[in-house]
1. Which FRET efficiency value, to the nearest 0.05, do you get for T85 and K159 by plugging their Cβ-Cβ distance into 1/(1 + (r/R0)^6) with R0 = 45 Å?
2. If you count, for each residue, the other Cβ atoms within 10 Å and average over each peptide, how do 166-178, 59-71, 94-106 line up from highest to lowest?
3. Rounded to the nearest 0.05, what FRET efficiency do E152 and E182 have when you use their Cβ-Cβ distance and R0 = 25 Å?
4. With a/c under 1.5 counting as rounded, go ahead and sort the range 6-59 into rounded, prolate or oblate using the C-alpha gyration tensor (a ≥ b ≥ c being the square roots of the eigenvalues; past the cut-off, prolate if a/b is larger than b/c, else oblate).
5. Using a 7 Å offset from Cα along Cα-Cβ at Q13, what residues in the range 31-65 end up with backbone N under 20 Å from the label point?
6. Just to be sure I understand the model, the point goes 7 Å from the Cα along the line to the Cβ. What's the resulting K65 to K51 distance in nm?
7. Can you tell me the FRET efficiency between T106 and E189 if r is taken as the Cβ-Cβ distance and R0 is 45 Å, rounded to the nearest 0.05?
Amino acid sequence: MNNTAFRVIQSPQPGYVYLISAVGTGKFKIGKTSTSVESRIAQLQTGCPIKIRYVYHAFVEDINKAEKDLHLAFKQFRKIGEWFTLQLDDIKECITLMRLVQIDETAFLLPQQKDEELDDLPKCVEAAEREIEITCFTASNLSRQVAKDLIEKLKNDAKLNQTEIIQSLWECKKGGSKAWTEAYAQYKELMGE
């Protein structure tokens, strides 16, 4: 009997690669699904205490390759599994990369699905900008809740005043600089003042 080694060649699997965020954490998931993105988000949301928000998706010829390439492109931002800490420029780049490999899904869809609109880039970038604005506070880009908890701890335990807290957490000096103005505004927003 001949012992020739062989390997199984997988044919490309069409489907969706997607980008979603865990609201308030600054973390984004780059994933894949052969079913609808909507149902995948619903699956992920089940049992997850953090609200998951859609950012973008693309229909691609080979979801395994597309997801692997995206993970490789953002590997330096990987936190755990398929979750990455991305900034706005990274999100824009991820969406652009998805759009580069995106194919027309109408050939793969049932007739009733062909009428659905795909999200356009400006709306997705706008949503990503809102997510970044909402989630990033202090020089360390902390989530809203973490930043609020830290401020309360500095107030109560370290007995720091507002100016000392801002200077410490936002790493800027009091005065009329743009950095101070933005830090002060974020502090007021966080504290609901």
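Every read-out reported here was derived from the displayed coordinates using simple, explicitly stated rules and does not represent laboratory data. A quick note: this is a predicted structure, and the numbers were derived from the prediction, not measured. Here Cβ is always computed from backbone atoms with ideal geometry, including for glycine, and neighbour counts include all displayed protein chains.
1. Values: r = 32 Å, r/R0 = 0.71.
Computed FRET efficiency for T85 and K159 comes out at 0.90.
2. Sorting 166-178, 59-71, 94-106 by mean packing, highest first, produces 59-71, 94-106, 166-178.
3. That pair, E152 with E182, gives E of 0.75.
4. prolate
5. Residues passing the 20 Å test: 31-45, 57-65.
6. 3.8
7. Calculated value: 0.55.
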